[in-house]
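Taking it in order: structure first as structure tokens, then the write-up.
The values are calculated or read from the model by the stated rules, or taken from the named source; none is laboratory data. Computed from a predicted structure; not experimentally measured. Cβ atoms come from the backbone with ideal geometry, glycine included; neighbour counts cover every protein chain shown.
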Amino acid sequence: MSTQLDQAWELAKQRFAAAGVDAEKALQQLDRLPVSMHCWQGDDVVGFENPEGALTGGIQATGNYPGKARTAAELRADLEQAMSLIPGPKRLNLHAIYLESATPVERDEIKPEHFANWVNWAKAQKLGLDFNPTCFSHPLSADGFTLSHPDDKIRQFWIDHCKASRRISAYFGEQLGTPSVMNIWIPDGMKDITVDRLAPRQRLLAALDEIISEKLNPAHHIDAVESKLFGIGAESYTVGSSEFYMGYATSRQTALCLDAGHFHPTEVISDKISAAMLYVPRLLLHVSRPVRWDSDHVVLLDDETQAIASEIVRNNLFDRVHIGLDFFDASINRIAAWVIGTRNMKKALLRALLEPTAKLRQLELEGDYTARLALLEEQKSLPWQAVWERYCQQHDTPADASWLTTVRHYENDVLRQR
């Protein structure tokens, strides 16, 4: 099999060279684009603060596939299994509810020490960590408001939670030598007709300003803010709308998070990347697959995933765009979901890197749209799969669907024993 893959790789290099693309260079570039895997796929967004707690804030994990992680140790073991089947650089994205403590800790009192095991594990795995405050699934978020809450004490609780989260994020960056991107998303909104839409946004603006007032080293920590169109229980009004956070990120020069499922069904985030990059220093992309709404299905190698990857590569945004995944499917094997989604994101990035972008841009500039379309379509048929297989070889991961056999063995030996 190795000989066949080598032969396919040599032929693929020649085919891409004829099209003006250096396949070797594409693989080198791919190693500059880590994908941040999301811890919450492994346990259906439950965390370890209160494993019996119900999800709130418009979040639902559907399905009851056996074997979800019940402890941080189990989750880390599952992540290691998934990561061993995914080639290239990776990161891990943690939520605050994934802390580890022998005694209960309120969210406004979380500290770096509660994530020390995660940091030690990340060092051993040679991973960077990203972070998120958890502003949902809590008694003080039960009425649908957190950072925009009209009650000063409740709002301050969430402000202090986000402040504590920033310090944890900075701790990650300092310990691991790579900046942690900390993303703030809140579920705040109303189910029905809303009379005063301004006051909650004024409170949110002031709360965010207080949260980011402490200056942290950008080499360790990056602030990001994330909008949403609506959520269950917030169908009529979402405080943190796209317009709100675009204005906030632009005026405060934070990173802006674009989530693939957080816009109207006919909107796509790939078209927003180049516009947003004119005004904000960085983007965080939450790559997901919405099906009619923000349902967070496993990422496919579909047109929008490819378009997102192409925008990053075509505009040379390697150092300004952070790629994270955000889906949680409990109807299928959770480790397989990680592997499928992450490999697809990386495949899309590779395909983008194998595009003759300079030639296409020149044709576009010259107004030769016929040749532009012809080349775009023809390059889809070039043997990018052989280049992907070479990449998997280089990183000692399965090049084809044989990874599923490993997942099945793990399921039988580990997951079904839980």
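Suppose we keep only residues that are small (Gly, Ala, Ser) and touching a helix residue (DSSP H, G or I) at 6+ places or on another chain (Cβ under 6 Å) within segment 343-363. Which one would you say is nearest to Gly88 (Cα to Cα)?
Residues of segment 343-363 small (Gly, Ala, Ser): 348, 352, 358.
Filter once more, so that each one left must be touching a helix residue (DSSP H, G or I) at 6+ places or on another chain (Cβ under 6 Å): 348, 352.
Details: Ala348: 13, Ala352: 16 Å.
Ranking the qualifying residues of segment 343-363, first place goes to Ala348.
In the list Val321, Val313, Val339, which residue meets the criterion of being in the same structural domain as Gly67 (by TED's automatic domain parsing) and within 21 Å of Gln41 (Cα to Cα)? Before you say what the answer is, go through the steps one by one.
Values: Val321 fails: within 21 Å of Gln41 (Cα to Cα); Val313 fails: within 21 Å of Gln41 (Cα to Cα).
None of the other options fit; the residue is Val339.
Among the numbered conditions (1) farther than 30 Å from Gln253 by Cβ; (2) in a strand (DSSP E or B), tell me where Gln379 comes up short.
Against the list (1) farther than 30 Å from Gln253 by Cβ; (2) in a strand (DSSP E or B), Gln379 comes up short only on (2).
When you go through Glu100, Glu49, Glu10 one by one, which is the residue that is farther than 24 Å from Thr342 by Cα, free of Cβ contacts under 8 Å to residues at least 12 places away in the same chain and charged (D, E, K, R)? Don't jump to the end; show me each part of the working.
Numbers: Glu100 fails: free of Cβ contacts under 8 Å to residues at least 12 places away in the same chain; Glu49 fails: free of Cβ contacts under 8 Å to residues at least 12 places away in the same chain.
The match here is Glu10.
Looking at Gln60, Gln7, Gln41, can you tell me which residue is under 30 Å from Ala358 (Cα atoms) and polar (S, T, N, Q)?
Gln7
Would you pick out the residues in segment 131-151 that are in a loop (DSSP other than H, G, I, E, B), small (Gly, Ala, Ser) and either at pLDDT below 95 or over 18 Å from Tyr248 (Cβ atoms) (or both)? Quick ask: steps written out before the conclusion?
Step one: list which residues in segment 131-151 are in a loop (DSSP other than H, G, I, E, B), which gives 133-138, 142-151.
Then keep just the ones that are small (Gly, Ala, Ser); that gives 137, 142, 144, 148.
If the condition is that a residue be in a loop (DSSP other than H, G, I, E, B), small (Gly, Ala, Ser) and either at pLDDT below 95 or over 18 Å from Tyr248 (Cβ atoms) (or both), then Ser137, Ala142, Gly144 are the ones that fit.
For the condition closer than 24 Å to Ile86 by Cα and at pLDDT 95 or above, what is the one hit in Arg282, Arg372, Arg289, Arg361? Outline the logic, then answer.
Details: Arg282 fails: closer than 24 Å to Ile86 by Cα; Arg372 fails: closer than 24 Å to Ile86 by Cα; Arg361 fails: closer than 24 Å to Ile86 by Cα.
Testing whether each residue is closer than 24 Å to Ile86 by Cα and at pLDDT 95 or above leaves just Arg289.
So if I check each of Glu235, Glu226, Glu210, which one is within 30 Å of Val119 (Cβ to Cβ), surrounded by fewer than 21 Cβ atoms within 10 Å (Cβ to Cβ) and either in contact (Cβ under 8 Å) with a residue 40 or more places away in the chain or polar (S, T, N, Q) (or both)? Walk me through how you get there before you give the answer.
Details: Glu235 fails: within 30 Å of Val119 (Cβ to Cβ); Glu226 fails: surrounded by fewer than 21 Cβ atoms within 10 Å (Cβ to Cβ).
After applying the criteria, what remains is Glu210.
Within segment 196-215, does at least one residue satisfy the condition of being within 21 Å of the chain's Cα centre (by Cα) and assigned by TED's automatic domain parsing to the domain that holds Leu317? Steps first, please.
So the first thing to find is which residues in segment 196-215 are within 21 Å of the chain's Cα centre (by Cα), and the list is none.
Checked segment 196-215: no residue is within 21 Å of the chain's Cα centre (by Cα) and assigned by TED's automatic domain parsing to the domain that holds Leu317.
Can Lys346 be described as within 21 Å of Leu301 (Cα to Cα) and either assigned by TED's automatic domain parsing to the domain that holds Phe327 or not in a helix (DSSP H, G or I) (or both)? Before you say what the answer is, go through the steps one by one.
Working: within 21 Å of Leu301 (Cα to Cα): yes; either assigned by TED's automatic domain parsing to the domain that holds Phe327 or not in a helix (DSSP H, G or I) (or both): yes.
Spelling it out, Lys346 is indeed within 21 Å of Leu301 (Cα to Cα) and either assigned by TED's automatic domain parsing to the domain that holds Phe327 or not in a helix (DSSP H, G or I) (or both).
What about Gly47, is it at positive phi and of a type outside the set (Val, Ile, Thr)? Give the derivation first.
Working: at positive phi: yes; of a type outside the set (Val, Ile, Thr): yes.
Yes; evaluated as a whole, the condition is true for this residue.
Does segment 152-198 hold any residues that are touching a helix residue (DSSP H, G or I) at 6+ places or on another chain (Cβ under 9 Å) and in a loop (DSSP other than H, G, I, E, B), and which are they?
Listed by number, the residues that qualify are Thr178, Pro179, Ile186, Pro187, Asp188, Thr194.
Quick check: anything in segment 83-93 charged (D, E, K, R), part of a loop (DSSP other than H, G, I, E, B), in contact with a helix residue (DSSP H, G or I) (Cβ under 7 Å, 6 or more places away or on another chain) and under 28 Å from Thr406 (Cα atoms)? Steps first, answer last, please.
The initial filter retains those residues of segment 83-93 that are charged (D, E, K, R), namely 90-91.
After this cut, where a residue has to be part of a loop (DSSP other than H, G, I, E, B) as well, the list is none.
Looking through segment 83-93, none of the residues is charged (D, E, K, R), part of a loop (DSSP other than H, G, I, E, B), in contact with a helix residue (DSSP H, G or I) (Cβ under 7 Å, 6 or more places away or on another chain) and under 28 Å from Thr406 (Cα atoms).
Which of the residues that make up segment 348-365 are of a type in the set (D, E, K, R) and touching a Phe, Trp or Tyr at 6+ places or on another chain (Cβ under 6 Å)?
From segment 348-365, those of a type in the set (D, E, K, R) are 351, 355, 359, 361, 364; that's our starting set.
Scanning segment 348-365 gives a single hit, Arg351.
Could you say which residue among Asn117, Asn64 is in a helix (DSSP H, G or I) and either touching a helix residue (DSSP H, G or I) at 6+ places or on another chain (Cβ under 7 Å) or surrounded by fewer than 21 Cβ atoms within 10 Å (Cβ to Cβ) (or both)? Full working, then the answer.
Working: Asn64 fails: in a helix (DSSP H, G or I).
Step by step, each of Asn117, Asn64 is checked, and only Asn117 is in a helix (DSSP H, G or I) and either touching a helix residue (DSSP H, G or I) at 6+ places or on another chain (Cβ under 7 Å) or surrounded by fewer than 21 Cβ atoms within 10 Å (Cβ to Cβ) (or both).
Residue by residue through segment 224-249, note down the ones that are closer than 17 Å to His322 by Cα and of a type in the set (S, T, N, Q).
Ser227
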